[in-house]
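I have placed the structure first, in the form of structure tokens, so that the comments after it can refer back to it.
The values are calculated or read from the model by the stated rules, or taken from the named source; none is laboratory data. Worth saying up front: this structure is predicted, and the values here are computed from it rather than measured. Cβ placement follows ideal geometry from the backbone for every residue including glycine, while neighbour counts extend to all protein chains displayed. Calculation scope for accessible area: heavy atoms of the full protein, side chains included, ligands and nucleic acids excluded. Shrake-Rupley method; radii C 1.70, N 1.55, O 1.52, S 1.80 Å.
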Amino acid sequence: MCVLATLILLPDERLPIGCATGRLTLTGSTAFAPALRGAARAYEEECPGAAVEVSAAGSGEGVETLTERGLAAKGRFPSVIAFSDGPAIDAAPGLVRRPVALTAFTVVVNAELPRRDLTPDEIRAIFLGDLTNWKQLKGWKGEKAPDLPVTVVSRTSGSGTRATFEHTLLHKGEGEPAVTAPGCRTRTNADVALLRCERPSTDALLRTVGGTPGAIGYAERRADTLPREVRALTIGGTAPTARTPDYPFTAVEYAYTYGPPPETSPAAGFLDYLTTGPGTNAILRQRQLPCGAPETGGRCGPDERPGE
């Protein structure tokens with residue numbers, strides 16, 4: 001008797017780590033949005049049946065949206081992840097946070113200003129209104145100090161970037177002053193020397209700094225080219241990078257969910273993809289550092305629930 005054996009080779013249909021079907025909304029940090037958009041595009045391409053929407057509106061607003069969606073779900077898990085630059089302020093007790101990346105932020109100025117570096121003390125003096133004209137600043141290194149008013153462009157309240165700036169570069173417990181020039185051009189009170197305005201997103205802040213002579217602000221040190229009208233400064237001689245422990249203006253990017261995400265949910269799948277799978281490449285491309293990378297040196301910390 002002759003027995004014929006047939007070997008059937010099936011195609012390798014294994015999917016990347018974290019793949020899950022369903023819809024997912026990513027909200028929160030505008031600073032982390034470029035990395036999220038890159039990871040979301042790659043996730044949809046590699047994971048059939050996944051649909052990921054990125055709707056960045058600021059860290060505080062993102063966490064607030066997540067909380068509202070969680071309450072409205074009435075016990076069901078909302079398919080939303082909110083991202084925050086640093087720990088979210090007044091996060092609801094039911095939220096769970098997970099460290100995702102280490103991000104470097106930078107102080108930026110209008111590119112026509114002949115300045116390449118500021119010390120932390122100089123930054124504090126400018127943003128708190130102690131220096132209101134660039135000619136008051138020392139250390140121009142051969143450049144003539146310009147007789148030019150300082151225009152401080154900050155982020156609005158609830159911004160994780162702003163909270164990081166206040167925590168790392170302003171004195172502990174000291175926030176930024178009130179807005180004095182909503183349009184960033186003219187002070188509403190001529191008796192107040194500080195000219196200060198606010199913008200709701202990273203892109204809006206960069207546009208304003210680039211279009212306003214003598215303007216200064218702060219933003220995430222993204223990989224995509226800054227507008228040519230804007231220059232990133234070093235701080236105390238140290239370049240803005242998450243890989244340098246001595247650089248003072250950094251924050252952990254946290255992912256928040258409304259309770260622990262179910263194991264097979266799109267939220268759990270995408271978080272695994274972003275933190276331990278191919279999604280880490282999108283973080284690295286934006287000059288950010290995944291929290292799983294050994295170079296973080298433990299600076300990200302463990303997963304936590306707010307209040308613990």
Give me a count of the residues in segment 27-53 that are of a type in the set (D, E, K, R), in a helix (DSSP H, G or I) and either under 19 Å from residue 257 (Cα atoms) or open to solvent by less than 10 Å² (accessible area, probe 1.4 Å) (or both).
1
Residue 248 is checked against (1) open to solvent by 40 Å² or more (accessible area, probe 1.4 Å); (2) on the phi > 0 side of the Ramachandran plot and fails just one. What number does that condition carry?
(2)
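Matching residues to (1) on the phi > 0 side of the Ramachandran plot; (2) touching a Cys at 6+ places or on another chain (Cβ under 6 Å); (3) hydroxyl-bearing (Ser, Thr, Tyr):
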position: 195; (1), (2), (3): no, no, no
position: 206; (1), (2), (3): no, no, no
position: 215; (1), (2), (3): no, no, no
position: 231; (1), (2), (3): no, no, no
position: 234; (1), (2), (3): no, no, yes
position: 237; (1), (2), (3): yes, no, no
position: 255; (1), (2), (3): no, no, no
position: 264; (1), (2), (3): no, no, yes
position: 270; (1), (2), (3): no, no, no
Close pairs (8 angstrom Cβ cut-off, 6 or more residues apart or separate chains): under 17 Å from residue 199 (Cβ atoms) in segment 48-73, open to solvent by 10 Å² or more (accessible area, probe 1.4 Å) and in a helix (DSSP H, G or I) anywhere:
57/65; 59/163
Taking the conditions exactly as written (in contact (Cβ under 8 Å) with a residue 24 or more places away in the chain and surrounded by 23 or more Cβ atoms within 10 Å (Cβ to Cβ)), does residue 290 satisfy them or not?
yes
Can you say whether residue 93 is touching a Leu at 6+ places or on another chain (Cβ under 8 Å) and either modelled with pLDDT under 95 or over 22 Å from residue 290 (Cα atoms) (or both), as far as the supplied structure shows?
no
Do the conditions hold for residue 170, that is, is it touching a residue at least 40 places away in the same chain (Cβ under 8 Å), hydrophobic (A, V, I, L, M, F, W, C) and within 15 Å of residue 105 (Cβ to Cβ)?
yes
So if I check each of 220, 166, 229, 198, which one is open to solvent by 20 Å² or more (accessible area, probe 1.4 Å), touching a helix residue (DSSP H, G or I) at 6+ places or on another chain (Cβ under 7 Å) and either of a type in the set (Val, Ile, Thr) or farther than 17 Å from residue 117 by Cβ (or both)?
229
Test each condition in (1) open to solvent by 40 Å² or more (accessible area, probe 1.4 Å); (2) farther than 23 Å from residue 269 by Cα; (3) touching a Pro at 6+ places or on another chain (Cβ under 9 Å) for residue 130 and report the one that comes out false.
(3)
Condition first: closer than 21 Å to residue 30 by Cα, touching a residue at least 24 places away in the same chain (Cβ under 8 Å) and of a type outside the set (A, V, I, L, M, F, W, C). Now tell me which residues in segment 79-109 satisfy that.
79, 84, 85, 86, 87, 97, 98, 99, 103, 106
Top-ranked residue of segment 146-163 - restricted to ones that are closer than 19 Å to residue 194 by Cβ and among the hydrophobic types (A, V, I, L, M, F, W, C), ranked as surrounded by the fewest Cβ atoms within 10 Å (Cβ to Cβ)
148
Against the definition (crowded, with 24+ Cβ neighbours inside 10 Å, out of contact with any Cys (no Cβ under 6 Å at 6 or more places or on another chain) and not in a strand (DSSP E or B)), how does residue 62 come out, yes or no?
yes
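Specify which of the listed residues (245, 240) is within 20 Å of residue 295 (Cα to Cα), touching a Leu at 6+ places or on another chain (Cβ under 9 Å) and in contact (Cβ under 8 Å) with a residue 24 or more places away in the chain. Before the answer, list the steps.
Values: 245 fails: touching a Leu at 6+ places or on another chain (Cβ under 9 Å).
Answer to the check: 240.
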Return the residues of segment 169-182 that are open to solvent by less than 50 Å² (accessible area, probe 1.4 Å) and farther than 23 Å from residue 254 by Cβ; say none if nothing qualifies.
177, 180, 181
